[in-house]
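Undergrad: Structure incoming, see below.
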Amino acid sequence: MEVIIKKDYSEICEEAVNVIHRSWHKKRNLVLGLATGKTPLGVYEGLIRLYSERKMDFSDVSAFSLDEYLGLPEDHPQSFAFYMQHNFFRHINIPRDNIFRLDALPGDIETHCREYEKKIQSAGGIDIQILGIGKNGHIGFNEPSSSLSSRTRVKTLTQETIEANAHFFRDREDIPRYCLTMGIGTIMESRKILLLASGKEKAEAIRQSIEGSITASIPASILQLHPQAKFIIDAEAASQLTQRKYYEWVYDHKDKVDAFLANKKK
Ligand code: PGA
């Protein structure tokens, strides 16, 4: 696990974009796991910029969505399918066949979830999973108390999430109450995980995830067990970390350590 503290939102997005760009240089058929929400928007904008400047090409890249509301048609402006299409896919050259989504209206839910997991395996597994974090420490729609080894499945949204969504829907009846989400076990199988967080309202969840005990009460705390997880967070989100100076020192010396190790190999 690595903790990278940057000044502000635009810098955390830039850091994540650089990680993805570097990985793509090493593997053109990169498999990405993508999250929705406010936080990753700047990452998608950065990747679109690289594409428009011809510095990155998505023709061999694949993408898997992290979660989806159950029951919303994919052209509903609140569906995650719509979000991804609108904010990312329509601006780049990723082939339609390389886009994998959880279906909001699946025939048989269990079969659909099992097949989604199989598709991830068939693509060779997820190389980089992008995550946001909820104020309660959730990742994807894995709310507190989700099994830390869970797989892709149906979850009931918390009342808090339902209320937070209420203003997006004209009719209360239309507010989704259930969703599909990759499980925590599924997420943990990704080769690299980038969790982004910005703002004071995420500071407590970030502190508990990085410096607290590993617990299903804070699902993101499981990332402490992932050897390639990076928490990329801004100063406000980092404001409650007690070891902040240490994380900054490690990050500032990273290039020197890499140079030292490279020298040793010669
Ligand atoms: P946000 O959501 O990026 O909109 O803050 C993150 C999350 O709830 O996972």
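The values are calculated or read from the model by the stated rules, or taken from the named source; none is laboratory data. Computed from a predicted structure; not experimentally measured. Glycine also receives a Cβ, built like all others from the backbone with ideal geometry; neighbour counts cover every protein chain displayed. All accessible areas refer to the heavy atoms of the entire protein, side chains included, with ligands and DNA or RNA removed. Shrake-Rupley method; radii C 1.70, N 1.55, O 1.52, S 1.80 Å.
Undergrad: Mind counting the residues in the range 214-266 that are without any contact (Cβ under 8 Å) to a residue 60 or more places away in the chain, assigned to a helix (DSSP H, G or I) and either charged (D, E, K, R) or crowded, with 17+ Cβ neighbours inside 10 Å (or both)?
TA: 8
Undergrad: Based on what the data block shows, is GLY125 assigned to a loop (DSSP other than H, G, I, E, B), within 16 Å of the ligand (Cβ to nearest atom) and open to solvent by less than 20 Å² (accessible area, probe 1.4 Å)? So that I can check it myself, show each step before the final result.
TA: Numbers: assigned to a loop (DSSP other than H, G, I, E, B): yes; within 16 Å of the ligand (Cβ to nearest atom): no; open to solvent by less than 20 Å² (accessible area, probe 1.4 Å): yes.
Here the answer is no, as GLY125 does not meet what is asked.
Undergrad: Please verify whether the range 129-136 includes one or more residues that are open to solvent by less than 10 Å² (accessible area, probe 1.4 Å) and over 19 Å from ILE206 (Cβ atoms).
TA: no
Undergrad: Restricting the first residue to the range 192-204 and requiring it to be away from the ligand (no atom under 13 Å from the Cβ), which pairs with a second residue that is modelled with pLDDT under 95 meet a Cβ separation below 8 Å and a spacing of at least six or different chains?
TA: GLU204/LYS135
Undergrad: Could you tell me whether VAL3 is in contact with a Phe, Trp or Tyr (Cβ under 9 Å, 6 or more places away or on another chain) and modelled with pLDDT of 95 or more? Don't jump to the end; show me each part of the working.
TA: Values: in contact with a Phe, Trp or Tyr (Cβ under 9 Å, 6 or more places away or on another chain): yes; modelled with pLDDT of 95 or more: yes.
Taking the combined requirement at face value, the residue satisfies it.
Undergrad: Please state which one of SER147, SER122 is closer than 27 Å to SER209 by Cβ, small (Gly, Ala, Ser) and under 21 Å from the mean Cα position of the chain (by Cα).
TA: Working: SER122 fails: closer than 27 Å to SER209 by Cβ.
None of the others qualify; the one that does is SER147.
Undergrad: Further, regarding this structure: Taking SER62 as the residue in question, decide whether it is of a type in the set (S, T, N, Q) and within 16 Å of ILE94 (Cα to Cα).
TA: Details: of a type in the set (S, T, N, Q): yes; within 16 Å of ILE94 (Cα to Cα): yes.
For SER62, the condition - of a type in the set (S, T, N, Q) and within 16 Å of ILE94 (Cα to Cα) - is met.
A quick yes/no check of all residues on (1) open to solvent by less than 40 Å² (accessible area, probe 1.4 Å); (2) within 17 Å of the chain's Cα centre (by Cα); (3) more than 25 Å from ILE162 (Cβ to Cβ):
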| position | (1), (2), (3) |
| --- | --- |
| LYS7 | no, no, yes |
| SER10 | no, yes, yes |
| VAL19 | yes, yes, yes |
| THR39 | yes, yes, no |
| LEU47 | yes, yes, yes |
| SER62 | yes, yes, yes |
| ASN87 | no, yes, no |
| PRO106 | yes, no, no |
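Undergrad: Pick from LEU70, LEU66, LEU105: which is out of contact with any Gly (no Cβ under 9 Å at 6 or more places or on another chain) and of a type in the set (A, V, I, L, M)?
TA: On the way: LEU66 fails: out of contact with any Gly (no Cβ under 9 Å at 6 or more places or on another chain); LEU105 fails: out of contact with any Gly (no Cβ under 9 Å at 6 or more places or on another chain).
Only one candidate qualifies: LEU70.
Undergrad: Something else now. Determine whether ALA166 is modelled with pLDDT under 90 and of a type in the set (Gly, Ala, Ser).
TA: Numbers: modelled with pLDDT under 90: yes; of a type in the set (Gly, Ala, Ser): yes.
So ALA166 passes the test.
Undergrad: From the list SER149, SER145, which one is more than 13 Å from the ligand (Cβ to nearest atom), open to solvent by 10 Å² or more (accessible area, probe 1.4 Å), of a type in the set (S, T, N, Q) and touching a Gly at 6+ places or on another chain (Cβ under 6 Å)?
TA: Details: SER145 fails: touching a Gly at 6+ places or on another chain (Cβ under 6 Å).
Result: SER149 is the single residue among SER149, SER145 that is more than 13 Å from the ligand (Cβ to nearest atom), open to solvent by 10 Å² or more (accessible area, probe 1.4 Å), of a type in the set (S, T, N, Q) and touching a Gly at 6+ places or on another chain (Cβ under 6 Å).
Undergrad: Additional query: Would you mind stating whether ILE139 is more than 16 Å from the ligand (Cβ to nearest atom), under 14 Å from the mean Cα position of the chain (by Cα) and either of a type outside the set (Lys, Arg) or under 26 Å from ILE20 (Cα atoms) (or both)? Break it down into steps so the answer makes sense when it comes.
TA: Values: more than 16 Å from the ligand (Cβ to nearest atom): no; under 14 Å from the mean Cα position of the chain (by Cα): yes; either of a type outside the set (Lys, Arg) or under 26 Å from ILE20 (Cα atoms) (or both): yes.
For ILE139, the condition - more than 16 Å from the ligand (Cβ to nearest atom), under 14 Å from the mean Cα position of the chain (by Cα) and either of a type outside the set (Lys, Arg) or under 26 Å from ILE20 (Cα atoms) (or both) - is not met.
Undergrad: Here's something else I'd like to know. Which fully enclosed strands (runs of 3 or more DSSP E) of the range 1-111 have 2 or more residues being more than 16 Å from the ligand (Cβ to nearest atom)? Full working, then the answer.
TA: Numbers: elements: 2-6, 31-34, 62-65, 67-69.
So the answer is 2-6, 31-34, 62-65.
Undergrad: Can you name every residue in the range 166-198 that is closer than 26 Å to LYS230 by Cα and open to solvent by 20 Å² or more (accessible area, probe 1.4 Å)?
TA: Selection gives MET188, GLU189, ARG191, LYS192, SER198.
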